[in-house]
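K.L.:
Handing you this structure, nothing more for now.
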Amino acid sequence: MADPKRPRHFTDDFKRQVVSLYDAGRPPGEIMREYDLGSTTLRRWISPIDATGSPHAADDRTPEQNRVIELERENKRLRMEVDVLRQAALMFARR
C-alpha cells in the first residue's frame, strides 16, 4: 500500500479503466493486488462511475442540490461571523 502521508492521485481515465475491469467480471481482490489499491478506494470508484460514468460526486448532483449545498455553506459562514461578532461585542461591553 502507499504511504498514507503521501496519497497517490489517479486520473479519471485510470479510474474508469479499473472499474471497467471490475464490470467485466474480474474479482476485486485481483484488481486490488494488481494495481496496489485498497478495497475502500475501489468501492469509492465503482459506485459513481457505474451510476453516471464520472468519478466525481459533483457530476451526480442536480442544479437544485448544488444550490442547496451552496446555501448551506453560506449559512454556515454567516453563523460563524455572527458568533465572532457576539464574542467581540461581549469583550467590548466588559471594558
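Just so you know, all these numbers are worked out from the coordinates, no wet-lab data involved. Quantities reported herein were computed from a predicted structural model and do not represent experimental measurements. Cβ atoms come from the backbone with ideal geometry, glycine included; neighbour counts cover every protein chain shown.
K.L.:
For Leu85 and Thr11, calculate 0.36 nm times their separation in residues minus their Cα-Cα distance, and state this gained length in nm to one decimal. Don't skip to the answer; put the middle values down first.
P.N.:
Values: separation 74, 0.36 × 74 = 26.64 nm, distance 4.36 nm.
My answer for the length gained is 22.3 nm.
K.L.:
Please list 67-74, 26-33, 88-95, 42-49 highest first by mean number of surrounding beta-carbon atoms within 10 Å per residue.
P.N.:
Sorting 67-74, 26-33, 88-95, 42-49 by mean packing, highest first, produces 42-49, 26-33, 67-74, 88-95.
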